[in-house]
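All remarks here apply to the structure that follows.
Values in this text are rule-based calculations from the coordinates and carry no lab data. Everything numeric in this text was worked out from a predicted model, so none of it was measured. In this analysis, Cβ positions are derived from the backbone assuming ideal geometry, glycine residues included, and neighbour counts consider all displayed protein chains.
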Amino acid sequence: MTGPGQPMLLDWRASLHFRRDTPCVLCGNPTPLRSHAGKAAHKVCAEAWNAKHPGETRFVSDAQPRRKRDDDHA
């Protein structure tokens, strides 16, 4: 669980988040990562930005697939 000022960890494992290196919109260093909006951003930079701007939506996580329960037996 995250609290105020703590970063919400983003899940950016999907291939749509990876392209050729371009400068991060937050720190300026090269990154292959892209936000959902297509903006170049390191995951750690995006998580830090989210923590500093609670209530604002600039960087979002991928939707998590529903996991089957371990006790779900046929």
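Subtracting the Cα-Cα distance from 0.36 nm times the residue separation, let me have the gained length for Val60 to Arg19 in nm, one decimal.
Details: separation 41, 0.36 × 41 = 14.76 nm, distance 1.77 nm.
Difference between extended and current length: 13.0 nm.
Per-residue counts of other Cβ atoms within 10 Å, averaged by peptide: what ranking do you get for 37-49, 15-27, highest first?
By packing density, highest mean first, the sequence is 37-49, 15-27.
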